[in-house]
1. Tell me which residues, restricted to the stretch A:441-468, are more than 10 Å from chain B (Cβ to nearest Cβ) and acidic (Asp, Glu).
2. Within the stretch A:74-96, restricting attention to residues that are assigned to a helix (DSSP H, G or I) and among the polar types (S, T, N, Q), which residue is nearest to the other protein chains (Cβ to nearest Cβ)?
3. Which one of these does A:Val207 not meet: (1) in contact (Cβ under 8 Å) with a residue 24 or more places away in the chain; (2) surrounded by fewer than 22 Cβ atoms within 10 Å (Cβ to Cβ)?
4. I'd like the full set of residues that are among the aromatic types (Phe, Trp, Tyr), under 22 Å from the mean Cα position of the chain (by Cα) and surrounded by 20 or more Cβ atoms within 10 Å (Cβ to Cβ), limited to the stretch A:233-267.
5. Output the residues belonging to the stretch B:258-288 that are in contact (Cβ under 8 Å) with a residue 60 or more places away in the chain and either part of a loop (DSSP other than H, G, I, E, B) or at the interface with chain A (Cβ under 8 Å from one of its Cβ atoms) (or both).
6. Does at least one position in the stretch A:85-103 carry a residue that is within 30 Å of A:Ala423 (Cβ to Cβ), surrounded by fewer than 18 Cβ atoms within 10 Å (Cβ to Cβ) and among the β-branched types (Val, Ile, Thr)?
7. Any idea which of (1) within 30 Å of A:Asp411 (Cα to Cα); (2) part of a loop (DSSP other than H, G, I, E, B); (3) within 14 Å of chain B (Cβ to nearest Cβ) is the one A:Gly99 doesn't satisfy?
8. Checking the conditions here, which among A:Arg438, A:Arg390 is among the basic types (Lys, Arg) and surrounded by fewer than 21 Cβ atoms within 10 Å (Cβ to Cβ)?
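The values are calculated or read from the model by the stated rules, or taken from the named source; none is laboratory data. This structure is a prediction, so every number in the text was calculated from the model and none was measured. Because the Cβ atoms are built from the backbone with ideal geometry, glycine has one as well, and the counts that use them run over all protein chains shown.
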Amino acid sequence: MGSLLSAPVGRRAVLVGGAALVGAAGLSACSPGGGGSGSGGSKTLNVAYFGTQQQADKTAKVADAFIKANPGTSVKFNGINGTDWNDFFTKVLTQIAAGNPPDIVSVATEGVQLFAQKKLAHPLDDFVKRDKDQLAPYFKDVHPSLVEAMMYDGHLYELPTDFNAGNMYFNTSLLKKSGLELPKADWTMDDFKTVATAMKKASPDAVPFDWVVRLWGSWTSFMYANGGNLVTEGKYDGGDWLWSQFYAGDAAAQGRGGGWKWGAPTATSDAVVESLDLMIELANSGLSAKPDVGGGSTLQGLFSNNKIGMAIGGGFWAGGLHNAGMGPDTFDVQFFPKWKVQRHLFGTGGYGIFESSKNKDLAWEFLKSLVDPAAIGILTEGNSTTPSRRSMMTADRYAPTGPKNWKVFYDTLDKYPNTAPIAAPPYYNAMANALNQRTTEAMSSGSAKNALAGLQKDLETAAAAIGS
Amino acid sequence: MSASATRAELPGATRPGGPRPLNRNRNSNKAHRREAAFGWAMISLSALTILVFTAAPIVFTFVLAFFSWDIISPPEFVGFKNFAKLAGDTAVVHSFGVTAWLAILVVVLQIVIGLAMAILVQQRVSTWARSIFRTAFFLPLLVSAASISIVFSYLFDDHFGVINYYLGLLNLPQVPWLSSPAGATATIVIVAVWQQLGFVFILFTAALGSLPKDVLEAVSIDGSGPIRTFFAIKLPLISPTIFFASVIGLINAMQIFDQPYVMTKGGPGDATTTTVMLIYRTAFQNIQFGYGSAISVVLFVLLLAITGLQFYISRKWVFYS
């Protein structure tokens, strides 16, 4: 048989063909986000949704009313799954790199500044000003801290649909077994240790307190309660157009600006070191587990199996524990304990419009429809998260899932003016990675100070790289 | 009939000398071309796939290593800046150290355990049972490393894992499998070795099964014991398989990602942050695709050098005849 490769195919032809392919691949990969929304000016809105496609399909019914009101339009929810927001952003950015950016993206606090700073997200200011009358009832119903968390450099990028503050959940079975009751709202860090110690004594097979390593609701909750943060807190100028229009006379809106300005890293400050030292102390004394990195679903499973006595959770834990098989009376929630201050952190979610979208007007109309109570009802179904609208926080909502003390969720915003969003500067991805790495280092080595010195350096490098 | 006449008249035979008739030559060339065209058509899809999904990204990675690119802004040419930065980046240097240590442990353990198991199965197990063992040992290789890592991370969980539970029942101390640098390294090695063992086991089973029986009989008649037979005869005879397993194993192990990514996220600290994890983190999470590509290029060159070195050293210990 003759040699297959002896056929007269010129080397030049092969090289030219190969180069063309490589060039094509390169060019396609180099295509910037401005390459088009993929909808090509049609009346289809592509929504990047954080979750499985199954969840995305379920959520897609939130668009039914919008589609009915806008004949000829369609909304396509694309589920992008990930272990956490960091993972989600990575995948969305990869989609953008592939030249297929969506029109709308679901973004929580973690990514608002990242998307805004990279000019991926379109400011909503003009839309909001134009439709102020239509939006007035919405803003009246939403705490200003949630709105401010969606601002960057004076501009508003999202209308919050939901939020979760870091409260403390209790397994009431383990609590009762310890002879204790749900602590009072003004409980302290000493009370927390007392409860944990009693739980350990009464239930040696369980861990009194467990947590995961991440930015939201991790040891960072202790850090907030200790008056510390990973970066300097500040506010951008601007935003008066919004506060004076929608929150005039509202005491909770006093001192609000154009969004949180996360400044120089402060990971080595005394308050931060002391907070991480406390976590090491809790782990070494058996009052807490050494944490895993990532999402909290494993924690919910262990909590529902009476393996964990206390854990940090937001409103979304109610739905999670219910789905894990817990009855409404088998768990409850309280504010986070007071240390130096009783301060909580929160994260809020919503939908933003991509700058590259060719359907911005239509996307805005859809965004408005998403903050309608009926739409928020769908988005927060089963208490998978907490509605941003205060009026939706009712006893009926929490009757099937619990907890009894559900008022804590919105009261965290209403009764504690110092409640603040998690620090999520534009270099959030690098920050989250560094936090994960340095926290596990501290827990493993037993030295918070050294690990946080490393974190400080990591954050400085990340901040310098992005020019902020 | 003479022999020469017979040969010349055989269909398809070549003429032993002198020019062939012109039309016959043309026909032959035409058939040859047709055959070659058919061959090209057959491999074109595979070739195109490799070109687009393997060769092009490799070339693109090499090019990108000289750029700064965050996906969103246009790439900016920075020359050798990424490589200069890389040389002084302790995280990168550390990741290479972690990767090399993991790779050595994984490859050595895979070969030693795989060979030992192959010998045991070859000598102690009946022929019908061997196929069961082969299938059983090979099964983990068919499951995704990510799925296996998730299962093992539950098994090795410090507080709620089954392993520590049984250690507790035996009054043995609890091991911080995933929360200490040594424990996390050991766990990753155990999982990686467990999953890849089937491949090495199959290789050694085949190599041991194909050893020349006459040589083994001669050795046996000469009175050589099993240990001496193994080290003096069998081991040299299967040295090409050991070499193959070490080359493939090292290339795979140097690119280890799934196990540390799922089980430890590179921690505690950066104790299990491998180079490929760092590349992923740099490029896809910190959105520094140029720098990530530069680390990839260095890893590629390093792997090439290590493989070349393995081939060079193999001349001294691998016996092909």
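1. A:Glu460
2. Among them, the one singled out is A:Thr90.
3. With respect to (1) in contact (Cβ under 8 Å) with a residue 24 or more places away in the chain; (2) surrounded by fewer than 22 Cβ atoms within 10 Å (Cβ to Cβ), A:Val207 is out only on (2).
4. A:Trp260, A:Trp262
5. B:Thr264, B:Gly267, B:Pro268, B:Gly269, B:Asp270, B:Ala271, B:Thr272, B:Thr273, B:Thr274, B:Ile287, B:Gln288
6. Yes, the stretch A:85-103 contains a residue that is within 30 Å of A:Ala423 (Cβ to Cβ), surrounded by fewer than 18 Cβ atoms within 10 Å (Cβ to Cβ) and among the β-branched types (Val, Ile, Thr).
7. (1)
8. Unique residue meeting the criteria: A:Arg390.
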